[in-house]
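Nothing in this text is a laboratory measurement; each read-out follows from the coordinates by a stated rule. As the structure is a computational prediction, the values presented were derived from the model and not from experiment. For neighbour counting, all protein chains shown are included, and Cβ atoms are generated from backbone atoms with ideal geometry for every residue, glycine included.
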Ligand SMILES: NC(=O)c1ccc[n+]([C@@H]2O[C@H](COP(=O)([O-])OP(=O)(O)OC[C@H]3O[C@@H](n4cnc5c(N)ncnc54)[C@H](O)[C@@H]3O)[C@@H](O)[C@H]2O)c1
């Protein structure tokens, strides 16, 4: 398959390697600044032209939270299946879903593409369902990431939080930093720290007066994220998806395995 990469930073480079490893061709790489990209531009029309001319059968977008929505708005009308890894634009999901439907195309987004994190989502959901039976447990989420990450809390932490809210009736809403008061009983505190080179750690605490249960997912390398994004592109562009337009998540990929 020919895959275009929009955003050719750390993840973009890793995804290019993952494309090769999985037998795909990178048809073009587009970036605002990266001098080793095949197209360096801030003009969306030029970006779209480069992607179309490259014969891409799928596009993978890992850029910057401030750029993602504009990139999505420009790329969806091409009708080429689009995988979005950039986080921080989820509030605009209804608008994006409308645009995808209007263009009868397919978009898959995920705050985290790794197999391990998607397993972790399911483990957390089941744990929350079990712990919810016991009133004495309180719950919180903690995440740590490298000091170059611009959004906070991480999209993954928010996805974890949604799974807790869905399975634990005592928690009804997320509160996150800056946070300088006691949490209400129904508030799920999601806390973040940014330090050094940490690729990504997420911990869920279930805490009672007698003990603590901690569930932790630790990223060792980002290669799992890159491979997962390529796997998502394969799934989205596969013939089986040909007829179905819409917005998908990694959950759909896992459900179909
Ligand atoms: N979903 C996941 O699994 C996952 C995993 C890691 C990172 N991320 C997210 O992906 C994004 C990129 O991460 P990274 O580590 O590669 O960052 P990075 O800073 O190394 O690279 C981002 C690149 O995007 C480029 N860029 C910015 N705006 C652009 C635009 N409008 N068009 C084209 N290129 C543009 C930048 O010039 C830069 O080269 C971040 O938002 C991060 O949070 C998601």
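Please report Rg over Rh for the chain, where both radii come from the alpha carbon positions and Rh follows the Kirkwood definition.
1.00
Per the helix-only calculation at 222 nm, which mean residue ellipticity applies to the chain, given -39500 (n - 2.57) for every DSSP H run of n ≥ 4 and division by its residues, nearest 500 deg cm²/dmol? Walk me through the numbers before you get to the answer.
Numbers: 8 runs with 94 residues, N = 257.
Calculated mean residue ellipticity at 222 nm is -11500 deg cm²/dmol.
Between 51, 59, 40, find the one with the highest GNM mean-square fluctuation for the chain; connect C-alpha pairs within less than 10 Å.
Highest fluctuation of the listed residues: 40.
Report the antiparallel proportion of the DSSP beta bridges in the chain as a percent, rounded to a multiple of 5. Walk me through the intermediate numbers first.
Numbers: 14 of 44 bridges.
Bridges in the chain are about 30 percent antiparallel.
Could you give me the radius of gyration and the Dmax of segment 175-222, taking only the C-alpha atoms into account and expressing both in angstrom?
13.3, 37
Arranged by the count of other C-beta atoms within 10 angstrom, fewest first, what order do 89, 205 take?
Details: 89 21, 205 17.
Placing the least packed residue first, the sequence is 205, 89.
Express the relative contact order of the chain as a whole percentage, based on alpha carbon pairs under 8 Å and six or more residues apart in sequence. Mind dumping the intermediate values first?
Values: 497 pairs, mean separation 53.2, N = 257.
Reported relative contact order: 21 percent.
What is the distance in Å between the Cα centroid of segment 1-56 and that of segment 120-143?
39 Å
Arrange the peptides 106-117, 65-76 so that the one whose residues have, on average, the most other Cβ atoms within 10 Å appears first. Intermediate values should be presented prior to the final figure.
Details: 106-117: 22.7, 65-76: 18.2.
Peptide ranking by packing, descending: 106-117, 65-76.
Tell me the label-point distance for the pair residue 20, residue 211, using the 7 Å Cα-to-Cβ offset, in nm and rounded to one decimal.
Spacing of the two 7 Å Cα→Cβ label points: 4.9 nm.
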